[in-house]
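Following: one structure in structure tokens, then a few remarks.
Quick note: the coordinates plus some simple rules give every number you see, no bench work behind them. Note that the coordinates shown come from a computational prediction; the quantities given were computed from them, not determined experimentally. All Cβ positions, even for glycine, are placed from backbone atoms using ideal geometry, and neighbour counts span all protein chains on display.
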Amino acid sequence: MNPDLNRLQPYPFEKLQALKDGVQPPAALSHIALSIGEPRHAAPSQVVEELITHLSGLENYPLTKGRPALRAACAQWLTRRFHVASEHLDPERHVLPVNGTREALFAFAQTVVDRNADQPLVVMPNPFYQIYEGAALLAGAEPWFINTLQNTDFEPDFDAVPATVWDDCQLVYLCSPGNPTGAVVGEAALRRLIELADRHDFIIASDECYSEIYFDEGQPPVGLLEVAEKIGRSDFRRCVVFHSLSKRSNLPGLRSGFVAGDADILAKFLLYRTYHGSAMSPPAQAASIIAWGDEQHVRDNRNCYREKFDAVLEILSPVLDVQRPAAGFYLWSHTPIDEQTFARDLFAQQNVTVVPGSYLSRDTTDCDGNPINPGSRRVRMALVAPLEECIEAAKRIRHYVETLKN
């Protein structure tokens with residue numbers, strides 16, 4: 001067996017299940033899950049229809065590289081959304097379809113990390129999507145965590161990372177908008193990270209799967225390739241982005257996304273994935289072309305999330321330290337008591353499930369060497385349920401918090 005498998009921590013939802021084991025919530029209250037970030041809005045009807053129409057394509061082996069029409073649809077979307085010049089973005093060289101960003105984010109580290117190097121590091125935010133950590137460990141590297149705290153608006157402070165860490169860094173995982181914080185890494189920070197990548201010779205993998213869930217239609221989150229374009233890096237050297245239809249289009253079951261950026265890196269990634277056997281099915285490719293070409297269902301999706309955030313924050317703000325995030329569909333709320341006790345007792349009393357923040361982060365130290373866990377005294381709430389359920393959950397959470405003050 002691969003000995004690095006023994007270094008993997010249980011997934012957050014395994015820990016959550018263990019926390020809830022033996023707890024019996026009130027039978028009179030239906031369960032409301034604010035735990036898993038699984039979109040529950042309806043899938044776009046035109047995408048579903050396209051998927052059904054192309055079921056006849058199942059008799060053909062798909063190419064790992066995907067259909068030219070799909071790569072073109074992804075490239076055209078990047079051009080529209082992030083103002084990347086079409087003449088700089090060749091669908092043949094700069095775009096690669098993937099079976100959702102989870103698969104791609106994991107496989108990417110296996111492709112780019114040189115395990116024979118002396119002490120290879122993979123830098124990532126803390127808290128983080130646990131795939132980053134597992135990918136680093138199984139690629140033979142060590143994770144190095146940048147704490148994202150409230151004093152920096154939950155954005156990573158790249159200048160706080162020691163130069164010795166950057167020297168050993170081979171890959172940076174970035175998540176913007178962030179999971180679970182909802183923080184958006186701005187243009188200045190992305191410029192700084194590209195500068196550091198050039199100086200210390202590492203690759204940037206920007207997970208942008210929440211980029212289409214935001215609140216101000218006039219200010220969408222900035223992307224890594226967008227910033228690369230602005231600074232004249234038309235070859236996107238060292239820069240790779242990951243996008244998905246799961247959150248944008250409420251299609252997590254389609255397992256469809258794409259990777260784009262540095263053509264030399266993507267050529268090696270394609271080689272890895274060809275051996276990995278990870279081609280997207282023909283019906284999924286056909287449906288994805290339709291999804292990437294339509295924005296109305298995405299705007300409708302954002303409107304649904306705005307409505308839920310407005311309603312839930314009105315209920316919770318008087319009793320909890322919780323703010324609207326810059327983007328995404330999570331609330332990263334401070335808790336008045338220990339986060340695990342909060343989550344367990346909330347489930348026991350109100351049959352509402354949230355994720356303790358410490359399950360999404362790791363114990364580290366601050367700049368003064370003091371022990372810290374960025375998820376301590378925080379919980380993540382995913383506002384993915386229908387509006388009525390989110391409102392009901394918020395009312396139950398408020399009732400529970402009010403009992404803590406009595």
So, with points 7 Å from each Cα along the Cβ direction, the R7-D153 label distance in nm works out to 3.5 nm
In degrees from 0 to 90, rounded to the nearest 10, what is the angle of the helix 339-350 Cα long axis to the longest principal axis of the chain?
60 degrees
Under 24 Å from K20, Cα to Cα: lysines that are on another chain or at least 8 residues apart:
K395, K405
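Report for the chain the percent antiparallel among DSSP-assigned beta bridges with both residues inside it, nearest 5. All intermediate terms of the calculation are to be shown ahead of the outcome.
Numbers: 19 of 39 bridges.
Antiparallel bridges: around 50 percent, rounded to the nearest 5.
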From DSSP H assignment alone, runs of 4+ in the chain each adding -39500 (n - 2.57), the sum over residues rounded to the nearest 500 puts [θ] at 222 nm at -12500 deg cm²/dmol
